[in-house]
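The next block holds one structure in the form of structure tokens; read it before the comments.
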Amino acid sequence: MRAPQPEPPIPGSFATPSLLAWIVNGKYVMSLPLYRIETDLKACGATISRQDMANWMMNVHARWLAKVHERMKVELLSHVRIHADETTVQVLKEPNREAKKKSRMWLFCSARCNVPVYVFEYHETRRKGVAQEFLAGWSGTLTANGCIASMFVGRVRQCFSAVWADGFPRCRHRFPVM
């Protein structure tokens, strides 16, 4: 007698939960690009293309990690102090965009606490609506650089003061509910 085979985590794929976890760990914890993971797998005798791995990562995000991301955002917005920053990233093969155009990775994180929360969000631009949409309905103190802070000018009724965070000048705002 044989036990029934468990359902695969991605229907129609041979990817096992442990293989997916290994790839997620390599890419997002160890910061390995998929071509390096592909090379490592080939050295072990497994031929798995980076295109397959990229599709699996998008599938894993859509099925499970998007829910975790949303829950982390809810948790972060329950804090009274949030830090925000963004930096440029280059995405080589993004639909309808030149490879030279810079995109943005936004970071929103909690102030020092027992269980810190870090939420990263990718966006094509630096438009002010990104931070405003993320923080919609939130009330508290935002620590950010001048660029992000200036996005809220006109929406804040109270004045802000300059503070130093990590050795860099920052603006700290007390926000009413947006």
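For this structure, a couple of remarks:
- Heavy-atom accessible area with a 1.4 Å probe sorts 63, 2, largest first, into 2, 63.
- Where only C-alpha atoms are counted, convex hull volume of region 16-85 per residue in Å³: 107
- Length released on extending from residue 50 to residue 63, taking residue separation times 0.36 nm less the Cα-Cα span: 2.7 nm
- Taking 0.36 nm per residue of separation and subtracting the current Cα-Cα distance, fully stretching the chain between residue 88 and residue 29 would add 19.3 nm.
- Modelled FRET efficiency - R0 22 Å, residue 96 with residue 127, Cβ distances, 0.05 increments: 0.85
- The residues neighbouring residue 20, those whose beta-carbon lies less than 13 Å from its own, together hold a net charge of +1 under the Lys/Arg +1, Asp/Glu -1 convention.
- Remark on residue 138: its backbone amide H falls under 5 Å from those of 178, a criterion applied only to residues 5 or more positions apart or on other chains, H modelled at 1.01 Å from N.
- Cut-off under 5 Å, modelled amide H: who pairs with residue 86 long-range: 107
- Carbon + sulfur, % of accessible area of region 1-160 - ligands and nucleic acids excluded, 1.4 Å: 56
- For region 1-129, the fraction of C-alpha pairs more than 22 angstrom apart is 53%.
- In the context of the full protein assembly, residue 75 retains an accessible surface of approximately 70 Å², using a probe radius of 1.4 Å and ignoring ligands and nucleic acids.
- Separation of the residue 145 and residue 103 label points, Cα + 7 Å toward Cβ, nm: 1.9
- Applying both filters, DSSP loop and at most 16 other Cβ atoms within 10 Å, to the chymotrypsin sites (Phe, Trp or Tyr not before Pro) of region 5-38 gives 14.
- Rounded to the nearest Hz, the phi-derived 3J(HN,Hα) couplings of region 42-52 under the Karplus curve 6.51 cos²θ - 1.76 cosθ + 1.60 (θ = phi - 60°) are 4, 5, 8, x, 10, 9, 10, 6, 5, 5, 4, where x marks glycine and proline.
- The simple spin-label model puts a point 7 Å past each Cα toward its Cβ; for residue 113 and residue 40 those points are separated by 3.3 nm.
- Per residue, the accessible area of region 84-148 comes to 59 Å², computed with a 1.4 Å probe over protein heavy atoms only.
The values are calculated or read from the model by the stated rules, or taken from the named source; none is laboratory data. Being a predicted model, the structure only gives us computed values, none of them experimental. Positions of Cβ are backbone-derived with ideal geometry, glycine not excepted, and every protein chain shown enters the neighbour counts. Protein only, heavy atoms only, side chains kept; ligands, DNA and RNA dropped before computing areas. Shrake-Rupley method; radii C 1.70, N 1.55, O 1.52, S 1.80 Å.
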